[in-house]
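One structure is given below, encoded as C-alpha cells.
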Amino acid sequence: MSEFFHMGGYGSYVWSAMAIFVGVLALDAVAPLIKRRRVLRELRARARRAQKRNEESV
C-alpha cells in the first residue's frame, strides 16, 4: 500500500495534481450556485426598489 501512495517517487507530484484537480472541480461545481444566489438577491432588491417607487408615486 505504501508503494501505491509513493508511486515510484512521483507520489508527491501525482497526489498534489489530484488535489488541485479535485479543488478546481469543486469550485467549478459551486461557482454557478454562488452566482445564482447573488443574481436572485439583486433581482429581489430591484423588485423591492421598484415596488417602493410605485407606492411613493401613488
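Values in this text are rule-based calculations from the coordinates and carry no lab data. All of these numbers come straight from a predicted model, not from anything done at the bench.
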- Item | Helix-only [θ]222 nm of the chain, DSSP H runs n ≥ 4, -39500 (n - 2.57) each, per residue, nearest 500 | -32000 deg cm²/dmol
- If one computes P(r) from the Cα atoms of region 13-57, what percent of pairs lie at distances over 17 Å? 57 percent
- Item | Gain on full stretching of the segment that runs from Ser12 to Glu42 - 0.36 nm per residue minus C-alpha separation | 6.4 nm
